[in-house]
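The next block holds one structure in the form of structure tokens; read it before the comments.
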Amino acid sequence: MNELIKIVTQLLSDKTIGVFIGYEKGSAGRTRALFARNADQAQKLICDDTCTQNLAGYLLKPEIKKLGRIGILANIPALRSIMQLASEHQIKDQSLLVLTANSDGSLTEFCDFHSIEKYLETSDVNITSGEKEMIARLESMTTTERREFWSREFEKCIKCYACRAACPMCYCHRCTTDVNQPQWIPVASHEMGNLEYHLMRAMHLAGRCINCGECAKACPMDIPLNLLTYQLIEPIRENFGKTAGMKADAVYALSTFNPDDTENFIL
Amino acid sequence: MQEFEPKIVAFVCNWCTYAGADLTGTSRIKYAANVKIIRFPCTGRIDFMILMKAFENGADGIIVSGCHPNDCHYSSGNFHARRRWIVFRNLLNFAGIETERIQFSWVSAAEGLKWADVVNNTVKKIKELGPNENYKKASVSAEVNEEGASHE
Amino acid sequence: MDKEIKILKYGDLPKLIGRFNSRGFKVLAPVRSGTIVEINPVGSFEEIVLDALLTRQSAKKVAFPKVEKVLEFDILKKGVVQHPVDPEACPETLLFGVRPCDACGFKSLDSIFGDTPADQFYLKKKEKTTIISFACTTADEYCFCTSVGGGPGNTDGSDLQFTPISPEELLVEILTDKGKEAAALFGDLLTDASTGTDKSQHLADVKVVFDVKNVVDKATSSFNDTEFWLDQSLRCIGCGACAFVCPTCACFDLQDEQNTKKGVRLRLWDSCGFSLFTLHTSGHNPREVQSQRWRQRIMHKFSYMPEQFNGVGCVGCGRCSRACPADMNIKEHLTSIAAQ
């Protein structure tokens, strides 16, 4: 922790970075994002196992980019988001100063995207066993039971778009749901509006989701949204051999193809 | 009691399946009349949201059909489409929407007979599955469409 | 009217709910829904949860639902024929087991929707709703009702308020004419309260953390201090969670859903936190960045509302802070505004 504060204070004072995105103690035992722009603010930085939020969601915000070169304390989900954003040409190599906290408390600074790729090769990037279990449980239900499960969950949805706002991959200036010429996705949070929004979002994240779970954490109604996007990770890996957020020059699964792709449902 | 006549929407590519469907007609092959055909330049252009809209507006079943792989008029449109459908079908299934209601096929301009078979088999399958009630009762706009349709 | 004070036994609550049900009231109360507690219709007392601090969403959905049909129309050859939706077509409703802050929230909504032109969709539903609130015996660190003119036993907006004064008994305060009418349905279950029964000793201790007048003044005078608002809002992600769970937020969107033959016009919740909230057709957006939108949220509640109506647009329930994915914690922000 002190090591981190020291490093960041130095980086800010010699103007290597304009802002450092890290974590601070929040309210009621929560941990939240901190945007340290000077030495005083840097004193509040913490680095422990409550620091699970994927801070990469803030990297593309205009107000934050305006603050100067960005430094970030990136955990594995954030590193993967950075890789995915890089592969989508949203971040240039070496434009960020990326630090990560190792399990022994030391810090690693990545000099470029390539070093992040190497780090991720030996990291655990899988969804948790609890999440695997939930997906397996849903997959073992009948279609009707699954339909009822999601119907009950989506009834709670209030279309606050916290899921979209929290997701580092949802950076479109004009989300499909906000397009009204034509209105593809009903704005209203009735069953159809909720279902279509979530299906659309899952499809637009297919091959891009790096399973950070921020969407489900952000949802004020506790809907397990991450399961929808997570469930597509395996089919995409199996069918197309691609996993999101591992390489800075990866190609999006759905904007490429293999003439030998196979399926069993097309007559 | 009237037998359930499903409403099927077919999204087809202009160069292969649409031409193939035309051939079905000129060959005087009879096939079920439940299908409304919508012509696209290529299956690569068919967004999954269009399929969702078809269900939302009252379709009981959907057919998506285009050129055989390697025969796409635009070289690779159908390859992209194939990937998209693999993912979409997975998602629909996980969300509890019957993937049997969407029939995908490759029908070339010479396969008039195949088109008739695809349509007839799809109509038969949807008749067995019944009306797409879940989708229909899901929203206010669904209520709109149910009554709107009866004006025809 | 002068309030009446009575005693009701906890054990009689099922009977009370039953009376309203059998009179054809729609009864809405906190129920467990997965991991959260929500206000939903109930058939019997057994479904009701009374020991949760607060429901995740506020009670405003009773009179201002998240989706509401306001118009139906037919598209005919001669033109569009409108079929207005009757605002009176709503049932007599009992809102039971909500908190004083929920009831208080309706005061703000009454001012907004009651302003000219009066919004009958809200007003008629509200008219037909009787509110029985439960005073708070506990609070958490997000609550700050006492700093904004409310409190754990505040009765503004409630028709009746029940306060637990012992494991078996509730103090019943009958506060309004509507409350009196409702109490008539279970009058036989009520007994007189002994003189000197003081509910305040049973209420939660919610310390005042700022002087709201200070917040109003400082917020108003800090309008142009862009650094100040930027500092507060950097971690805000611009979702609508705070506005949608807030008991006093009333912004709405109107959306038409139609086919070529007919359609409906729906009123939906909207949030000033969304980036597109103030986007003009020209492409200009007067609140282009989140700090401007965050400032607007505070100003609306603590500067414009007091200016136009009678009080601040906040009841200190803390729902926004609990729901916020980025921990914006309005209590913290207001305290820092007051301390400026």
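The values are calculated or read from the model by the stated rules, or taken from the named source; none is laboratory data. Here the structure is a predicted model, which means the values were calculated and not measured. Methodologically, a virtual Cβ is constructed for each residue, glycine included, from the backbone with ideal geometry; neighbour enumeration extends over all protein chains shown.
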Which residues, taken from the range A:35-59, are touching an Asp or Glu at 6+ places or on another chain (Cβ under 6 Å), closer than 24 Å to C:Glu141 by Cβ and surrounded by 22 or more Cβ atoms within 10 Å (Cβ to Cβ)? none
Selected residue (criterion: farthest from the other protein chains (Cβ to nearest Cβ)) from residues of the range B:86-111 that are in contact (Cβ under 8 Å) with a residue 24 or more places away in the chain and within 13 Å of the chain's Cα centre (by Cα): B:Arg101
Go through C:Pro152, C:Pro65 for me and flag whichever is assigned to a loop (DSSP other than H, G, I, E, B), within 14 Å of chain A (Cβ to nearest Cβ), buried (at least 16 other Cβ atoms within 10 Å of the Cβ) and not β-branched (Val, Ile, Thr). C:Pro65
So the check is Cβ under 6 Å with 6+ separation or different chains; which pairs have a first residue in the range C:42-62 that's within 14 Å of C:Leu95 (Cβ to Cβ) and among the hydroxyl-bearing types (Ser, Thr, Tyr) and a second one that's assigned to a loop (DSSP other than H, G, I, E, B) and modelled with pLDDT of 95 or more? C:Ser58/C:Pro247
Output the residues belonging to the range C:24-40 that are among the β-branched types (Val, Ile, Thr) and not in a loop (DSSP other than H, G, I, E, B). C:Val27, C:Val31, C:Ile36, C:Val37, C:Ile39
If you go through the range C:275-288 one residue at a time, do you hit one that is modelled with pLDDT of 95 or more, within 30 Å of C:Thr155 (Cα to Cα) and outside the structural domain of C:Leu109 (by TED's automatic domain parsing)? no
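Can you confirm whether the range B:67-77 contains a residue that is touching a residue at least 60 places away in the same chain (Cβ under 8 Å), within 14 Å of chain A (Cβ to nearest Cβ) and touching a strand residue (DSSP E or B) at 6+ places or on another chain (Cβ under 9 Å)?
From the range B:67-77, those touching a residue at least 60 places away in the same chain (Cβ under 8 Å) are B:73, B:77; that's our starting set.
Filter once more, so that each one left must be within 14 Å of chain A (Cβ to nearest Cβ): B:77.
This time we only want the ones that are touching a strand residue (DSSP E or B) at 6+ places or on another chain (Cβ under 9 Å), so: B:77.
Within the range B:67-77, one or more residues are touching a residue at least 60 places away in the same chain (Cβ under 8 Å), within 14 Å of chain A (Cβ to nearest Cβ) and touching a strand residue (DSSP E or B) at 6+ places or on another chain (Cβ under 9 Å).
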If you check B:Lys7 against the conditions, is it surrounded by fewer than 17 Cβ atoms within 10 Å (Cβ to Cβ), under 14 Å from the mean Cα position of the chain (by Cα) and farther than 25 Å from A:Gly207 by Cα? no
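Taking the residues in the range C:244-253 that are more than 9 Å from chain A (Cβ to nearest Cβ) and surrounded by fewer than 24 Cβ atoms within 10 Å (Cβ to Cβ) as candidates, determine which candidate is farthest from A:Asn180 (Cα to Cα). So that I can check it myself, show each step before the final result.
Residues of the range C:244-253 more than 9 Å from chain A (Cβ to nearest Cβ): C:246-252.
Filter again for surrounded by fewer than 24 Cβ atoms within 10 Å (Cβ to Cβ), leaving C:250-252.
Details: C:Ala250: 23, C:Cys251: 20, C:Phe252: 17 Å.
The qualifying residue farthest from A:Asn180 (Cα to Cα) is C:Ala250.
Could you identify the single residue in A:Cys170, A:Cys160 that is more than 9 Å from every other protein chain (Cβ to nearest Cβ) and not basic (Lys, Arg)?
Details: A:Cys160 fails: more than 9 Å from every other protein chain (Cβ to nearest Cβ).
Just a single option satisfies the conditions, and that option is A:Cys170.
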Would you point out the residue of the range C:276-317, among those that are more than 14 Å from every other protein chain (Cβ to nearest Cβ) and in contact with a His (Cβ under 9 Å, 6 or more places away or on another chain), that is farthest from C:Phe228 (Cα to Cα)? C:Gly313
Got a sec? Which of C:Lys301, C:Lys261 is basic (Lys, Arg) and more than 24 Å from C:Ile39 (Cβ to Cβ)? C:Lys261
Qualifying positions in the range A:159-182 - surrounded by 23 or more Cβ atoms within 10 Å (Cβ to Cβ) and among the aliphatic types (A, V, I, L, M): A:Ala162, A:Ala165, A:Ala166, A:Met169
Scan the range A:1-25 for residues that are crowded, with 21+ Cβ neighbours inside 10 Å and among the small types (Gly, Ala, Ser) and jot them down. A:Gly22
Is it the case that C:Asp192 is out of contact with any helix residue (DSSP H, G or I) (no Cβ under 8 Å at 6 or more places or on another chain), surrounded by fewer than 20 Cβ atoms within 10 Å (Cβ to Cβ) and assigned by TED's automatic domain parsing to the domain that holds C:Phe302? no
Please state which of the following conditions C:Gln340 fails to meet, knowing it meets all the rest: (1) in contact (Cβ under 8 Å) with a residue 60 or more places away in the chain; (2) surrounded by 18 or more Cβ atoms within 10 Å (Cβ to Cβ); (3) closer than 28 Å to A:Lys66 by Cβ. (2)
Give the residue, chosen from B:Lys36, B:Lys30, B:Lys7, that is among the charged types (D, E, K, R), under 13 Å from B:Leu113 (Cα atoms) and touching a residue at least 24 places away in the same chain (Cβ under 8 Å). B:Lys30
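Please verify whether the range C:229-243 includes one or more residues that are touching a Gly at 6+ places or on another chain (Cβ under 8 Å), away from every other protein chain (no Cβ under 14 Å) and without any contact (Cβ under 8 Å) to a residue 60 or more places away in the chain. Walk me through it before giving the result.
Looking only at the range C:229-243, we keep the residues that are touching a Gly at 6+ places or on another chain (Cβ under 8 Å), and these are C:236-240, C:242-243.
Now narrow it down to the ones that are away from every other protein chain (no Cβ under 14 Å): none.
No, there is no match, as no residue in the range C:229-243 is touching a Gly at 6+ places or on another chain (Cβ under 8 Å), away from every other protein chain (no Cβ under 14 Å) and without any contact (Cβ under 8 Å) to a residue 60 or more places away in the chain.
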In the range A:16-39, is there at least one residue being without any contact (Cβ under 8 Å) to a residue 24 or more places away in the chain and more than 11 Å from every other protein chain (Cβ to nearest Cβ)? no
So, in the range C:119-149, exactly how many residues are in contact with a Cys (Cβ under 7 Å, 6 or more places away or on another chain) and surrounded by fewer than 19 Cβ atoms within 10 Å (Cβ to Cβ)? 2
For residues in the range A:117-157 being in contact with a Pro (Cβ under 9 Å, 6 or more places away or on another chain) and within 14 Å of chain B (Cβ to nearest Cβ), which is nearest to A:Leu85 (Cα to Cα)? A:Glu131
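Which one is modelled with the lowest pLDDT, of the residues in the range B:118-152 that are surrounded by fewer than 17 Cβ atoms within 10 Å (Cβ to Cβ) and within 15 Å of B:Phe55 (Cβ to Cβ)?
Start the filter on the range B:118-152 by keeping residues that are surrounded by fewer than 17 Cβ atoms within 10 Å (Cβ to Cβ), which leaves B:120-121, B:124-125, B:128-131, B:133, B:137, B:146-147, B:149-152.
If we keep only those that are within 15 Å of B:Phe55 (Cβ to Cβ) as well, we get B:129-131, B:133, B:137, B:146, B:149.
Working: B:Leu129: 94, B:Gly130: 93, B:Pro131: 92, B:Glu133: 83, B:Lys137: 67, B:Glu146: 42, B:Ala149: 34.
Within the range B:118-152, the match that is modelled with the lowest pLDDT is B:Ala149.
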If we only count helices (runs of 4 or more DSSP H) wholly inside the range A:107-160, which ones have 1 or more residues that are closer than 30 Å to A:Val8 by Cα? A:113-121
Any chance the range C:282-293 includes a residue that's touching a Cys at 6+ places or on another chain (Cβ under 8 Å) and touching a residue at least 40 places away in the same chain (Cβ under 8 Å)? yes
Some residue of the range C:215-222 being within 14 Å of chain A (Cβ to nearest Cβ), surrounded by fewer than 24 Cβ atoms within 10 Å (Cβ to Cβ) and free of Cβ contacts under 8 Å to residues at least 24 places away in the same chain: no
Residue among A:Arg137, A:Arg146 that is touching an Asp or Glu at 6+ places or on another chain (Cβ under 9 Å) and not assigned by TED's automatic domain parsing to the domain that holds A:Phe20: A:Arg146
